[in-house]
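Only the coordinates and a few stated rules stand behind these numbers; no lab work does. Since the model is a prediction, treat every value here as computed from it, not as a measurement. Please note: Cβ atoms are built from the backbone with ideal geometry, for glycine as well, and neighbour counts cover all protein chains shown.
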Amino acid sequence: MKPNFKIIKAKRILLSPLNWGIGHAARLVPIANYLHQQGAEVFICASGAALSFLQLECTYATFVNDAPFEITYGKSNYSQILKLTLQLPKMFAQVYREHQLLKKLVVKYNIEFVISDNRYGLYHHKIPCVFITHQINIKVPFAAFIVNLLNHYFIKKFDACWVPDFEKADISLAGELSSNHHLQNVNYIGTLSRGSKTNIVTDKSAPVLYLLSGVEPQRSLFEKIILEYHSQHPHAAILIRGTTTCKEIIQQKHNLIVYTICDVKQLQSIVAECKYVVCRSGYSSIMDLVHWQKNAVLVPTPGQNEQEYLAHYLSQKQWFYCINQNNFLQFNDAAIENFKCPANIKHTGNFESLINRFF
């Protein structure tokens, strides 16, 4: 905590996720729901896909103006790394804009507590601020020391860092990413997910769930690969596109059912009926899989080192099968028979007790 910081019983709480697909927004939902159930007035600062998703899930919240920021991505590993590198100055400028925005929001809405999911600029010297991340150690292809030096510099500006994982290495979902060596303000809070355990489906005629997420153009590229795979190997399948901005219409044929986006109840019902899930190896998706207790095929987004690491790490543990996007057309579902979603992990988190310090 900040020196001489007086703990207050916060009633007006701001939550804000990084607009990087909907994963960061999705894992804030259980926290937002808990706060609302306890009588807090929940404010949400978001933009883009994260905003659309949270407006669907958190109808009770007050949505406030954000400082929108869009990152552009390449179609290949090398172009993606180059584009991200060239945008570093814009990212630092965005941190400054976020920090200035928070100062205004705190005054305008009398905010008493802030929970930021990977928004580095949302710290404040007068009220408690929490940073949520599973990446204490960021995986990058070069300059990892400098990147993590900056990562830790900003994390230390927050009163606490909540890591949605387990500290013990044998049950950790994020592996080296969430391993803490020297930061003093870290709390491991267990996994965060909107989902709950579903039925285990063994019926071979049950549909496969293709659950898309993430940023463009890779989301659309993977969607096209899935549709090509399905046309070559017609089978019962459900495709959730994970976007509200794509105007291209997909014809529902060959036992393929298509949804644009689903709320939590609809998604829970679909997951319960499916045989297994094919999705990105984003960390929020992985936490959902563990809560659902569903076997899955992980397809990391090309050029995203974090997803590539997670897919390889979890595959080595025999928890989830992984395959590269470029090889997906050769996928045979017999390959996943020796992989099983971990069932010996305590799925519930302890963020409630940490929040109650301020509430």
Report ³J(HN,Hα) in whole Hz for each residue of region 262-268, in order, from the Karplus equation J = 6.51 cos²θ - 1.76 cosθ + 1.60 where θ = phi - 60°; Gly and Pro get x.
10, 7, 5, 5, 5, 4, 4
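With a cap of 15 neighbouring Cβ atoms within 10 Å, and only residues DSSP puts in a loop, list the trypsin sites (Lys or Arg not before Pro) found in region 220-300.
Details: sites: 224, 241, 247, 253, 265, 275, 280, 294; in loops: 241, 247, 253, 275, 280, 294.
Here the trypsin sites (Lys or Arg not before Pro) that fit, given the DSSP loop and packing criteria, are 247, 253.
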Debye log10 I(q)/I(0) at q = 0.13, 0.22 Å⁻¹ for region 256-359, Cα point scatterers
-0.55, -1.26
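Name the trypsin sites (Lys or Arg not before Pro) in region 112-170 that are in a loop by DSSP and that have at most 15 other C-beta atoms within 10 Å, would you?
On the way: sites: 119, 126, 139, 156, 157, 168; in loops: 119, 126, 139, 156, 157, 168.
The qualifying sites are 126, 156, 168.
Which is the longest stretch in the chain that no exposed loop site breaks, taking sites as GluC sites (Glu not before Pro) with a DSSP loop state and at most 14 other Cβ atoms within 10 Å? Please report the intermediate quantities before stating the final value.
Working: sites that count: 70, 167, 248, 337.
In the chain, the maximal stretch lacking such sites is 71-166.
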How large is the charge dipole for the chain, taken about the Cα centre, if only the Cβ atoms of Lys, Arg (+1) and Asp, Glu (-1) carry charge, to the nearest 20 debye?
880 debye
Taking amide hydrogens as modeled 1.01 Å from N in the peptide plane, which residues meet the under 5 Å criterion relative to residue 275, leaving out close sequence neighbours?
208, 209
Among 24, 124, 182, which one shows the highest mean-square fluctuation when the chain is modelled as a Gaussian network with alpha-carbon springs under 10 Å?
182
How tilted is helix 305-316 with respect to the longest principal axis of the chain? Cα atoms for both, answer in degrees (0 to 90, nearest 10).
60 degrees
So what are the three principal axis dimensions of region 12-194 from its Cα atoms, in whole Å, longest to shortest?
45, 36, 31
Please list the non-local residues whose amide H lies under 5 Å from the amide H of residue 22, H modeled 1.01 Å from N, same-chain partners needing a gap of 5 or more.
214
Under the Karplus relation with 6.51, -1.76 and 1.60 and θ = phi - 60°, whole-Hz ³J(HN,Hα) for region 102-108, x at Gly and Pro, equal 4, 4, 6, 5, 4, 6, 5
Which is farthest toward the positive dipole end of region 93-144 among 110, 128, 138, measuring Cα position about the Cα centre, with Cβ charges +1 (Lys, Arg) and -1 (Asp, Glu)?
110
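Percent of Cα-Cα pairs more than 28 Å apart in the chain, please. Write out the running numbers ahead of the final one.
On the way: 27230 of 64261 pairs.
Here the tail beyond 28 Å accounts for 42 percent of pairs.
Using the C-alpha atoms of region 172-284, what convex hull volume per residue, in cubic angstrom, is computed? Don't jump to the answer; show the numbers that get you there.
On the way: hull volume 16.5 nm³, N = 113.
It comes to 146 Å³ per residue, whole-number rounded.
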Any chance you could give the angle, 0 to 90 degrees and rounded to 10, that helix 48-57 forms with the longest Cα principal axis of the chain?
90 degrees
Set the bar at 23 Å for Cα to Cα. Now go through 103/139; 168/340; 168/317 and name every pair that lies beyond it.
103/139
